[in-house]
Amino acid sequence: MPAQYTIPELIAREKECVMVPCIFDCGSALAAKLSGAKAILLSGGELGESMMGCIEPMLTTDEVVGAVERICAFSDLPLIVDVSAGFETPLSAYRTAHRMAVGGAMALLLGNEPGQTWEEYRSILKACLKAVEGTPCIVIARKNGLIDDDNDREECIRQLTEAVELGACGTMACGLCRTPRSREFAKIIGERVPGWKFYPDQNAVNGVPDVDNDEIYSQGFAMISYHYMMKVALAAMWEYGLKNMQSRNNVPSIEMTFPNGVKGASALPIFNMQRLYDLEAQFTGVRKVFKVPGTIPGRENG
(Lines give C-alpha, C1' and ligand atoms only; values in the text may rest on other atoms or scores of the structure.)
Protein backbone atom coordinates (compact mmCIF):
# COMPACT_ATOMS: atom_id res chain seq x y z
CA MET A 1 0.00 0.00 0.00
CA PRO A 2 1.62 3.29 -1.03
CA ALA A 3 2.41 5.67 1.81
CA GLN A 4 0.11 8.67 2.11
CA TYR A 5 3.06 11.06 1.91
CA THR A 6 6.83 11.15 2.00
CA ILE A 7 8.88 12.04 5.07
CA PRO A 8 9.95 15.43 3.63
CA GLU A 9 6.29 16.21 2.82
CA LEU A 10 5.28 15.33 6.38
CA ILE A 11 8.00 17.49 7.92
CA ALA A 12 7.14 20.43 5.67
CA ARG A 13 3.46 20.13 6.59
CA GLU A 14 3.71 19.73 10.35
CA LYS A 15 4.38 22.65 12.64
CA GLU A 16 5.49 20.62 15.63
CA CYS A 17 7.90 17.81 16.46
CA VAL A 18 6.39 14.66 14.93
CA MET A 19 6.20 11.77 17.41
CA VAL A 20 7.31 8.56 15.69
CA PRO A 21 6.55 5.32 17.58
CA CYS A 22 8.80 2.29 17.17
CA ILE A 23 6.87 -0.68 15.75
CA PHE A 24 7.71 -4.28 14.86
CA ASP A 25 4.88 -5.76 12.75
CA CYS A 26 1.58 -5.03 11.02
CA GLY A 27 -0.41 -5.13 14.27
CA SER A 28 1.81 -2.54 15.94
CA ALA A 29 1.67 -0.43 12.75
CA LEU A 30 -2.12 -0.51 12.95
CA ALA A 31 -2.07 0.42 16.64
CA ALA A 32 0.18 3.37 15.80
CA LYS A 33 -2.22 4.62 13.14
CA LEU A 34 -5.27 4.20 15.38
CA SER A 35 -3.42 6.23 18.01
CA GLY A 36 -2.89 9.11 15.60
CA ALA A 37 0.75 8.55 14.60
CA LYS A 38 1.75 10.14 11.29
CA ALA A 39 4.90 8.07 10.69
CA ILE A 40 6.31 4.84 12.10
CA LEU A 41 9.81 3.49 12.77
CA LEU A 42 10.61 -0.21 12.38
CA SER A 43 12.81 -0.97 15.39
CA GLY A 44 15.49 -3.54 14.69
CA GLY A 45 15.59 -4.43 18.38
CA GLU A 46 11.86 -5.01 18.72
CA LEU A 47 11.72 -6.85 15.40
CA GLY A 48 14.33 -9.28 16.73
CA GLU A 49 12.43 -9.67 20.00
CA SER A 50 9.15 -10.34 18.20
CA MET A 51 10.59 -12.86 15.74
CA MET A 52 12.91 -14.99 17.83
CA GLY A 53 13.49 -13.24 21.13
CA CYS A 54 16.89 -12.29 19.77
CA ILE A 55 19.05 -9.20 19.61
CA GLU A 56 19.13 -7.08 16.46
CA PRO A 57 22.56 -8.24 15.15
CA MET A 58 21.18 -11.79 14.86
CA LEU A 59 18.61 -10.76 12.24
CA THR A 60 19.28 -11.64 8.62
CA THR A 61 18.86 -9.28 5.71
CA ASP A 62 15.91 -11.24 4.35
CA GLU A 63 14.15 -11.15 7.72
CA VAL A 64 14.36 -7.36 7.89
CA VAL A 65 13.50 -6.79 4.22
CA GLY A 66 10.57 -9.18 4.56
CA ALA A 67 9.25 -7.23 7.54
CA VAL A 68 9.59 -3.97 5.59
CA GLU A 69 7.67 -5.41 2.63
CA ARG A 70 4.87 -6.79 4.81
CA ILE A 71 4.40 -3.61 6.81
CA CYS A 72 4.51 -1.35 3.74
CA ALA A 73 2.00 -3.59 1.94
CA PHE A 74 -0.34 -3.32 4.94
CA SER A 75 0.05 0.24 6.26
CA ASP A 76 -0.13 3.59 4.46
CA LEU A 77 1.88 5.40 7.12
CA PRO A 78 5.39 6.29 5.92
CA LEU A 79 7.82 3.74 7.34
CA ILE A 80 11.30 4.65 8.56
CA VAL A 81 13.56 1.60 8.89
CA ASP A 82 16.24 1.23 11.55
CA VAL A 83 18.83 -0.58 9.44
CA SER A 84 21.91 -2.65 10.23
CA ALA A 85 21.57 -6.20 8.81
CA GLY A 86 22.78 -6.29 5.22
CA PHE A 87 24.86 -3.11 5.45
CA GLU A 88 28.29 -4.62 6.07
CA THR A 89 29.93 -3.45 2.82
CA PRO A 90 29.08 -0.72 0.30
CA LEU A 91 27.82 -3.26 -2.24
CA SER A 92 25.68 -5.17 0.25
CA ALA A 93 24.38 -1.85 1.56
CA TYR A 94 23.50 -0.73 -1.96
CA ARG A 95 21.55 -3.92 -2.67
CA THR A 96 19.74 -4.00 0.68
CA ALA A 97 18.89 -0.30 0.63
CA HIS A 98 17.49 -0.63 -2.88
CA ARG A 99 15.36 -3.63 -1.84
CA MET A 100 13.92 -1.68 1.09
CA ALA A 101 13.20 1.40 -1.02
CA VAL A 102 11.48 -0.66 -3.71
CA GLY A 103 9.63 -2.53 -0.93
CA GLY A 104 8.03 0.72 0.23
CA ALA A 105 10.30 2.15 2.93
CA MET A 106 10.15 5.94 3.06
CA ALA A 107 13.40 6.41 4.97
CA LEU A 108 16.46 4.44 6.06
CA LEU A 109 17.92 5.34 9.47
CA LEU A 110 21.54 4.41 8.88
CA GLY A 111 23.81 4.26 11.92
CA ASN A 112 27.53 3.70 12.22
CA GLU A 113 28.00 0.23 13.70
CA PRO A 114 30.37 -0.77 16.56
CA GLY A 115 33.95 -1.09 15.31
CA GLN A 116 33.17 0.70 12.07
CA THR A 117 35.38 3.67 11.21
CA TRP A 118 33.86 6.89 9.98
CA GLU A 119 35.54 6.31 6.61
CA GLU A 120 33.82 2.93 6.32
CA TYR A 121 30.50 4.46 7.33
CA ARG A 122 30.93 7.22 4.75
CA SER A 123 31.22 4.60 1.99
CA ILE A 124 28.09 2.80 3.24
CA LEU A 125 26.22 6.10 3.34
CA LYS A 126 27.21 6.94 -0.23
CA ALA A 127 26.05 3.50 -1.39
CA CYS A 128 22.66 3.93 0.31
CA LEU A 129 22.19 7.41 -1.13
CA LYS A 130 22.85 6.01 -4.59
CA ALA A 131 20.51 3.06 -4.01
CA VAL A 132 17.47 5.21 -3.18
CA GLU A 133 17.86 7.56 -6.15
CA GLY A 134 14.67 7.73 -8.18
CA THR A 135 12.51 6.57 -5.25
CA PRO A 136 10.67 8.55 -2.56
CA CYS A 137 12.90 6.93 0.07
CA ILE A 138 15.44 9.11 1.87
CA VAL A 139 18.47 8.38 4.07
CA ILE A 140 18.80 9.69 7.62
CA ALA A 141 22.36 9.59 8.97
CA ARG A 142 22.67 8.40 12.56
CA LYS A 143 25.74 8.83 14.76
CA ASN A 144 25.79 6.04 17.34
CA GLY A 145 27.73 6.04 20.59
CA LEU A 146 27.66 7.95 23.85
CA ILE A 147 27.92 11.73 24.00
CA ASP A 148 29.39 12.16 27.46
CA ASP A 149 31.46 15.28 27.07
CA ASP A 150 32.19 18.26 24.82
CA ASN A 151 34.69 16.28 22.71
CA ASP A 152 32.07 13.60 21.95
CA ARG A 153 29.62 16.33 21.04
CA GLU A 154 32.01 18.09 18.70
CA GLU A 155 32.92 14.86 16.90
CA CYS A 156 29.21 14.07 16.53
CA ILE A 157 28.56 17.50 15.04
CA ARG A 158 31.47 17.12 12.62
CA GLN A 159 30.38 13.72 11.35
CA LEU A 160 26.68 14.52 11.04
CA THR A 161 27.49 17.76 9.22
CA GLU A 162 29.61 15.81 6.75
CA ALA A 163 26.76 13.31 6.29
CA VAL A 164 24.39 16.13 5.35
CA GLU A 165 26.96 17.51 2.91
CA LEU A 166 27.10 14.06 1.29
CA GLY A 167 23.34 14.06 0.80
CA ALA A 168 21.65 12.74 3.96
CA CYS A 169 18.22 14.33 4.28
CA GLY A 170 18.18 14.27 8.07
CA THR A 171 20.36 13.31 11.02
CA MET A 172 20.17 11.63 14.42
CA ALA A 173 22.65 11.94 17.30
CA CYS A 174 21.79 8.64 18.95
CA GLY A 175 23.67 9.33 22.18
CA LEU A 176 21.50 12.30 23.13
CA CYS A 177 18.92 10.25 25.01
CA ARG A 178 21.59 8.57 27.16
CA THR A 179 23.43 11.59 28.51
CA PRO A 180 22.48 13.64 31.60
CA ARG A 181 23.24 16.69 29.45
CA SER A 182 20.68 15.76 26.81
CA ARG A 183 18.84 19.07 26.90
CA GLU A 184 22.04 21.13 26.70
CA PHE A 185 23.63 19.00 23.96
CA ALA A 186 20.40 18.80 21.95
CA LYS A 187 20.32 22.59 21.79
CA ILE A 188 23.92 22.84 20.58
CA ILE A 189 23.63 20.00 18.05
CA GLY A 190 20.29 21.27 16.86
CA GLU A 191 21.67 24.72 16.18
CA ARG A 192 24.96 23.66 14.58
CA VAL A 193 24.13 20.60 12.47
CA PRO A 194 22.47 21.71 9.20
CA GLY A 195 19.06 20.45 8.12
CA TRP A 196 16.38 18.79 10.18
CA LYS A 197 17.16 16.49 13.10
CA PHE A 198 15.53 13.33 14.52
CA TYR A 199 15.69 13.04 18.33
CA PRO A 200 16.35 9.44 19.45
CA ASP A 201 14.24 7.33 21.79
CA GLN A 202 12.88 9.93 24.19
CA ASN A 203 13.47 8.95 27.83
CA ALA A 204 12.09 10.17 31.13
CA VAL A 205 13.23 10.25 34.76
CA ASN A 206 10.73 10.52 37.64
CA GLY A 207 7.96 11.38 35.21
CA VAL A 208 9.92 14.16 33.48
CA PRO A 209 10.95 13.71 29.80
CA ASP A 210 14.60 14.30 28.99
CA VAL A 211 13.68 16.99 26.47
CA ASP A 212 10.67 19.16 25.74
CA ASN A 213 9.17 18.52 22.29
CA ASP A 214 8.32 22.17 21.60
CA GLU A 215 11.74 23.32 22.73
CA ILE A 216 13.71 20.93 20.52
CA TYR A 217 11.38 21.63 17.58
CA SER A 218 12.48 25.25 17.75
CA GLN A 219 16.08 23.99 17.54
CA GLY A 220 15.51 22.03 14.33
CA PHE A 221 14.34 18.63 15.61
CA ALA A 222 11.47 17.73 13.28
CA MET A 223 10.92 14.20 14.65
CA ILE A 224 11.26 12.32 17.93
CA SER A 225 11.16 8.54 18.33
CA TYR A 226 9.90 6.63 21.33
CA HIS A 227 9.61 2.98 22.40
CA TYR A 228 6.50 1.59 24.04
CA MET A 229 4.92 -0.97 21.70
CA MET A 230 6.70 -4.14 22.77
CA LYS A 231 6.55 -3.17 26.45
CA VAL A 232 2.82 -2.49 26.60
CA ALA A 233 1.98 -5.41 24.28
CA LEU A 234 3.78 -7.86 26.57
CA ALA A 235 2.35 -6.17 29.66
CA ALA A 236 -1.23 -6.48 28.38
CA MET A 237 -0.79 -10.10 27.28
CA TRP A 238 0.75 -10.91 30.66
CA GLU A 239 -1.97 -9.05 32.56
CA TYR A 240 -4.87 -10.74 30.78
CA GLY A 241 -3.09 -14.07 30.79
CA LEU A 242 -2.95 -13.89 34.58
CA LYS A 243 -6.61 -12.88 34.77
CA ASN A 244 -7.66 -15.74 32.50
CA MET A 245 -5.60 -18.27 34.45
CA GLN A 246 -6.99 -17.04 37.75
CA SER A 247 -10.59 -17.22 36.52
CA ARG A 248 -9.89 -20.52 34.71
CA ASN A 249 -11.58 -19.19 31.57
CA ASN A 250 -11.07 -16.43 29.03
CA VAL A 251 -13.92 -14.18 30.15
CA PRO A 252 -11.55 -11.36 31.27
CA SER A 253 -9.87 -11.10 27.87
CA ILE A 254 -13.15 -11.51 25.96
CA GLU A 255 -14.72 -8.66 27.91
CA MET A 256 -11.71 -6.39 27.42
CA THR A 257 -12.83 -3.51 25.20
CA PHE A 258 -10.71 -1.70 22.61
CA PRO A 259 -10.64 2.13 22.83
CA ASN A 260 -13.12 2.32 19.90
CA GLY A 261 -15.66 0.19 21.77
CA VAL A 262 -15.05 -3.10 19.97
CA LYS A 263 -14.73 -6.17 22.16
CA GLY A 264 -14.77 -9.93 21.74
CA ALA A 265 -12.51 -12.95 21.61
CA SER A 266 -10.49 -11.75 18.63
CA ALA A 267 -8.69 -8.71 17.26
CA LEU A 268 -9.85 -9.52 13.72
CA PRO A 269 -12.53 -6.77 13.59
CA ILE A 270 -9.86 -4.14 14.23
CA PHE A 271 -8.06 -5.15 11.02
CA ASN A 272 -11.05 -4.36 8.74
CA MET A 273 -11.00 -7.70 6.91
CA GLN A 274 -14.14 -6.64 5.04
CA ARG A 275 -11.93 -4.61 2.71
CA LEU A 276 -10.49 -7.86 1.36
CA TYR A 277 -13.91 -9.36 0.71
CA ASP A 278 -14.88 -6.12 -1.08
CA LEU A 279 -11.76 -6.46 -3.20
CA GLU A 280 -12.63 -10.05 -4.02
CA ALA A 281 -16.13 -8.93 -5.07
CA GLN A 282 -14.52 -6.85 -7.84
CA PHE A 283 -13.29 -10.12 -9.36
CA THR A 284 -16.28 -12.38 -8.65
CA GLY A 285 -19.21 -9.99 -8.70
CA VAL A 286 -20.40 -11.56 -5.43
CA ARG A 287 -20.13 -9.56 -2.22
CA LYS A 288 -19.59 -11.46 1.00
CA VAL A 289 -19.78 -10.11 4.53
CA PHE A 290 -16.84 -10.85 6.78
CA LYS A 291 -17.60 -12.62 10.04
CA VAL A 292 -15.10 -13.72 12.64
CA PRO A 293 -14.72 -17.50 12.17
CA GLY A 294 -16.44 -19.57 14.84
CA THR A 295 -18.66 -16.81 16.19
CA ILE A 296 -22.31 -17.15 17.10
CA PRO A 297 -24.79 -15.38 14.75
CA GLY A 298 -25.42 -11.92 16.09
CA ARG A 299 -21.96 -11.78 17.68
CA GLU A 300 -19.90 -11.33 14.51
CA ASN A 301 -17.54 -8.91 16.20
CA GLY A 302 -16.61 -11.50 18.77
Suppose we keep only residues that are assigned to a loop (DSSP other than H, G, I, E, B) and within 23 Å of the chain's Cα centre (by Cα) within region 112-133. Which one would you say is surrounded by the fewest Cβ atoms within 10 Å (Cβ to Cβ)?
PRO114
Taking the condition within 23 Å of PRO21 (Cβ to Cβ) and part of a helix (DSSP H, G or I), does VAL232 pass?
yes
Any residue at all in region 22-29 that is surrounded by 15 or more Cβ atoms within 10 Å (Cβ to Cβ) and part of a strand (DSSP E or B)?
yes
Give the number of residues within region 206-229 that are exposed (fewer than 13 other Cβ atoms within 10 Å of the Cβ) and part of a helix (DSSP H, G or I).
1
So is ASP278 outside the structural domain of PRO180 (by TED's automatic domain parsing), within 27 Å of ALA37 (Cα to Cα) and either exposed (fewer than 10 other Cβ atoms within 10 Å of the Cβ) or not hydrophobic (A, V, I, L, M, F, W, C) (or both) or not?
yes
Within the group LEU91, LEU109, which residue is in the same structural domain as ILE11 (by TED's automatic domain parsing) and not in a strand (DSSP E or B)?
LEU91
Filter result (among the charged types (D, E, K, R) and either outside any helix (DSSP H, G or I) or exposed (fewer than 15 other Cβ atoms within 10 Å of the Cβ) (or both)) within region 235-252
GLU239, ARG248
Subset tally (residues that are of a type in the set (Val, Ile, Thr) and in a strand (DSSP E or B)) for region 9-21
2
Any chance region 123-130 includes a residue that's touching a His at 6+ places or on another chain (Cβ under 8 Å) and either of a type in the set (Gly, Ala, Ser) or farther than 19 Å from LEU42 by Cα (or both)?
no
Scope region 4-53; condition among the hydrophobic types (A, V, I, L, M, F, W, C), farther than 21 Å from GLY111 by Cβ and modelled with pLDDT of 95 or more; matching residues:
LEU10, ALA12, CYS26, ALA29, LEU30, ALA31, ALA32, LEU34, ALA37
Those residues of region 78-94 which are modelled with pLDDT of 90 or more and farther than 15 Å from ILE138 by Cα amount to THR89, PRO90, LEU91, SER92
What's the total number of residues in region 161-204 that are crowded, with 21+ Cβ neighbours inside 10 Å and among the β-branched types (Val, Ile, Thr)?
3
Please indicate, with yes or no, whether at least one residue in region 270-285 is touching a residue at least 40 places away in the same chain (Cβ under 8 Å), part of a helix (DSSP H, G or I) and either under 30 Å from MET172 (Cα atoms) or touching a Phe, Trp or Tyr at 6+ places or on another chain (Cβ under 8 Å) (or both).
yes
Within the bounds of region 69-79, is there any residue that is of a type in the set (S, T, N, Q), more than 14 Å from the chain's Cα centre (by Cα) and within 27 Å of GLY134 (Cα to Cα)?
no
For GLY220, are the conditions met, namely being touching a strand residue (DSSP E or B) at 6+ places or on another chain (Cβ under 7 Å) and without any contact (Cβ under 8 Å) to a residue 60 or more places away in the chain?
yes
For region 28-39, which positions are more than 19 Å from MET237 (Cβ to Cβ) and touching a Ser or Thr at 6+ places or on another chain (Cβ under 7 Å)?
LYS33
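The values are calculated or read from the model by the stated rules, or taken from the named source; none is laboratory data. Remember, predicted model here, so these are calculated numbers, not experimental data. Using ideal geometry, Cβ is built from the backbone for each residue, glycine included, and neighbour counts are taken over all protein chains shown.
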